[in-house]
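Each remark here refers to the structure printed beneath this line.
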Amino acid sequence: MTSQGWDKEDEVSRSLREASCSCGQLRIEVQGEPGGVGVCHCLACQRRTGSVFAALAGFAAPYKVTGTATEYVRAGDQGSRFRFRFCPVCGTNLFHTEEGHEQSFVSVAVGGFADPSFPAPEDSVYDCRRHSWVQLPPGIKAYDKDPT
Ligand SMILES: [Zn+2]
Ligand SMILES: [Zn+2]
């Protein structure tokens, strides 16, 4: 699938992270530290993930995808169109891009990294939809909706 601006020679010199779906056929490799980590409590993310909130990490390109993904496009409240990629075998929602920004940025499901030491979220959006029992970590910025 996509392999945007990936430079083989950079691979050894930068920190790489790989996220994969539950069955392992769909993978995405990203470089460096996430540009932002957040949780989203919106009802679409609750349905999309099957969980009560989504945890997402944004990474700047380049990124490398291997395996087969099925796509689902959903328009956000502000009119942006998000292209979600999920594994057609096991159904894991692994990453998404915003239409028009595929070349520069990707959002990856934090759970896909299966790394309990992954950086904690800094932002919490759609706090108005947060389940009452979900407690946010100290210092996190909470927004009633999506501030962007
Ligand atoms: Zn899978
Ligand atoms: Zn959401």
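The values are calculated or read from the model by the stated rules, or taken from the named source; none is laboratory data. Bear in mind that the values here come from a model prediction, so they are computed numbers and not experimental data. When we count neighbours, we look across all protein chains shown, and the Cβ atoms used for this are built from the backbone with ideal geometry, even at glycine.
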With the requirement that a residue be in contact (Cβ under 8 Å) with a residue 60 or more places away in the chain and either surrounded by fewer than 19 Cβ atoms within 10 Å (Cβ to Cβ) or part of a strand (DSSP E or B) (or both), what does the range 87-98 give you?
Val89, Cys90, Gly91, Leu94, Phe95
Which residue out of Phe113, Phe84 is within 16 Å of ligand 1 (Cβ to nearest atom) and either touching a Leu at 6+ places or on another chain (Cβ under 6 Å) or closer than 13 Å to Leu26 by Cβ (or both)?
Phe84
Could you check the range 17-36 and list, in sequence order, the residues that are touching a residue at least 40 places away in the same chain (Cβ under 8 Å), crowded, with 18+ Cβ neighbours inside 10 Å and away from ligand 1 (no atom under 16 Å from the Cβ)?
Arg17, Val30, Pro34
Selection count where residues are closer than 15 Å to Arg85 by Cα and either within 16 Å of ligand 2 (Cβ to nearest atom) or touching a His at 6+ places or on another chain (Cβ under 6 Å) (or both), scope the range 15-43
0
So in the range 100-148, with the set limited to residues that are more than 27 Å from Ser20 (Cβ to Cβ), among the polar types (S, T, N, Q) and away from ligand 2 (no atom under 16 Å from the Cβ), which one is surrounded by the fewest Cβ atoms within 10 Å (Cβ to Cβ)?
Ser132
Could you check how many residues of the range 37-77 are part of a strand (DSSP E or B), more than 16 Å from ligand 1 (Cβ to nearest atom) and among the aromatic types (Phe, Trp, Tyr)?
2
With the condition kept exactly as written, say whether any residue in the range 68-86 is more than 15 Å from ligand 2 (Cβ to nearest atom), surrounded by 18 or more Cβ atoms within 10 Å (Cβ to Cβ) and hydroxyl-bearing (Ser, Thr, Tyr).
no
Selection within the range 115-135 - in a loop (DSSP other than H, G, I, E, B) and either acidic (Asp, Glu) or without any contact (Cβ under 8 Å) to a residue 40 or more places away in the chain (or both):
Asp115, Pro116, Ser117, Glu122, Ser132, Trp133, Gln135
Do we have any residue at all in the range 54-67 that's modelled with pLDDT of 95 or more and among the aromatic types (Phe, Trp, Tyr)?
yes
